[in-house]
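Down below is the structure, laid out as structure tokens.
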Amino acid sequence: MGTPHPPVASSEVQKKFGYYSDEAMAHPLEIERHGAVRLVLMRADIYKEMALRDHVAVAAEDMSNDDFRALSNARFSKEADDLNALVDEAATS
């Protein structure tokens with residue numbers, strides 16, 4: 001997930017932390033070091049909600065028809081398919 005705003009160098013964030021922490025209240029802020037994005041600065045409530053969602057299990061009886069439809073239509077990425085093929089190949093060797 002990218003942000004619509006360009007990444008900011010970590011040295012710049014260090015110099016103007018107050019400014020960038022205020023910016024992060026409005027939108028997630030990607031922070032890069034040596035040209036690679038390494039961190040995202042975002043509101044704590046959004047982070048907590050994302051972390052909670054990542055660990056929530058839902059019983060089948062609590063799922064909606066839309067949830068079941070989304071699951072049945074979900075497709076693996078090409079990378080996942082490639083990894084599955086490698087595992088299958090290794091299992092038959």
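Taking 0.36 nm per intervening residue step and subtracting the Cα-Cα distance, what contour gain separates Val40 from Glu12 on full extension?
In short, 8.7 nm is gained.
With springs only between Cα atoms under 10 Å apart, run a GNM on the chain and tell me which of Met63, Met50, Met42 wobbles the most.
Most flexible of the set in this elastic network: Met63.
To the nearest whole percent, what portion of all C-alpha pairs in the chain is separated by more than 16 angstrom?
72 percent
Quick one: if you stick a label point 7 Å off each Cα along the C-beta vector at Ser93 and Glu49, how many nm between them?
4.6 nm
Read-outs throughout are calculated quantities, based only on the coordinates presented, and are distinct from any laboratory measurement. It should be emphasised that the depicted structure is a prediction, and the values quoted were computed from it without experimental measurement. Because the Cβ atoms are built from the backbone with ideal geometry, glycine has one as well, and the counts that use them run over all protein chains shown.
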